[in-house]
Amino acid sequence: MFKNLSEHVQIEKTKKIILNEEELNKIETELIFNDLLEDLIYEGDEILDRYGVDGYNKPIRTPDHATKSHLVVAKEGNIVKVIRFGAQDIFGAGDHPKTLKEQKRRSAFKKTQAENIAKGKLYPAYWADKVKW
């Protein structure tokens, strides 16, 4: 079959190197995509410093912001996103609302925003629910 081992290795190498155009395009696309992901992750680290956040998915208060009360640098997988949420002049009811009015406000927020909360960490309603309500 094979005269020596090097002949076998050469044949195996040739089989692996021969690619059709579709496979080649797929590999090129994956390489470009991986480079872009590395850039996004690097930019994400810069964003933490820019906004003064301790880490990903750690919300902070922003009392000096004109309209939004909180900010978070959200990360889900390789996606990094800066999210501002919560009205500056509105206070949520918290985890344990004391009055009937607060209980109704809390349940109304959760009911109207349920679909948006379920979308996950990259949406403001998720963070408003977690932090303010």
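The values are calculated or read from the model by the stated rules, or taken from the named source; none is laboratory data. Worth saying up front: this structure is predicted, and the values here are computed from it rather than measured. Please note: Cβ atoms are built from the backbone with ideal geometry, for glycine as well, and neighbour counts cover all protein chains shown.
Only one of GLY92, GLY120, GLY86 is in contact with a strand residue (DSSP E or B) (Cβ under 8 Å, 6 or more places away or on another chain) and over 27 Å from GLU46 (Cα atoms); which? Walk me through it before giving the result.
Working: GLY120 fails: over 27 Å from GLU46 (Cα atoms); GLY86 fails: over 27 Å from GLU46 (Cα atoms).
Of GLY92, GLY120, GLY86, the one residue that is in contact with a strand residue (DSSP E or B) (Cβ under 8 Å, 6 or more places away or on another chain) and over 27 Å from GLU46 (Cα atoms) is GLY92.
From (1) surrounded by 13 or more Cβ atoms within 10 Å (Cβ to Cβ); (2) modelled with pLDDT of 90 or more, pick out the condition that doesn't hold for TYR51.
TYR51 satisfies every listed condition except (2).
Could you tell me which residue of the range 92-108 is surrounded by the fewest Cβ atoms within 10 Å (Cβ to Cβ), considering only residues that are closer than 21 Å to ASN57 by Cα and in contact (Cβ under 8 Å) with a residue 24 or more places away in the chain?
First pass over the range 92-108, keeping only residues closer than 21 Å to ASN57 by Cα: 92, 94-95.
Right, trim to in contact (Cβ under 8 Å) with a residue 24 or more places away in the chain and you get 92, 94.
Details: GLY92: 18, GLY94: 12.
Per the stated criteria, the residue is GLY94.
Residues being in contact (Cβ under 8 Å) with a residue 24 or more places away in the chain, surrounded by 15 or more Cβ atoms within 10 Å (Cβ to Cβ) and within 19 Å of the chain's Cα centre (by Cα): count how many of those fall in the range 63-80.
Count: 6.
So which residues in the range 99-119 are under 16 Å from the mean Cα position of the chain (by Cα) and farther than 14 Å from PHE85 by Cα, if there are any at all?
Initially, the range 99-119 is screened for residues under 16 Å from the mean Cα position of the chain (by Cα), giving 116-119.
Passing the criteria: ALA118, LYS119.
Is at least one residue of the range 25-42 exposed (fewer than 10 other Cβ atoms within 10 Å of the Cβ) and either modelled with pLDDT of 70 or more or more than 24 Å from the chain's Cα centre (by Cα) (or both)?
No, every residue in the range 25-42 fails to be exposed (fewer than 10 other Cβ atoms within 10 Å of the Cβ) and either modelled with pLDDT of 70 or more or more than 24 Å from the chain's Cα centre (by Cα) (or both).
Taking the criterion of being modelled with pLDDT of 90 or more, under 17 Å from TRP127 (Cα atoms) and polar (S, T, N, Q), would at least one residue in the range 86-103 satisfy it?
Within the range 86-103, none of the residues are modelled with pLDDT of 90 or more, under 17 Å from TRP127 (Cα atoms) and polar (S, T, N, Q).
Give me the pairs, please: first residue somewhere in the range 109-127 and surrounded by 14 or more Cβ atoms within 10 Å (Cβ to Cβ), second residue anywhere and in a helix (DSSP H, G or I) and of a type in the set (Lys, Arg), beta-carbon distance under 8 Å, and either six or more positions apart or on two chains.
Close Cβ pairs (under 8 Å, with a partner that is in a helix (DSSP H, G or I) and of a type in the set (Lys, Arg)) amount to ILE117/LYS110.
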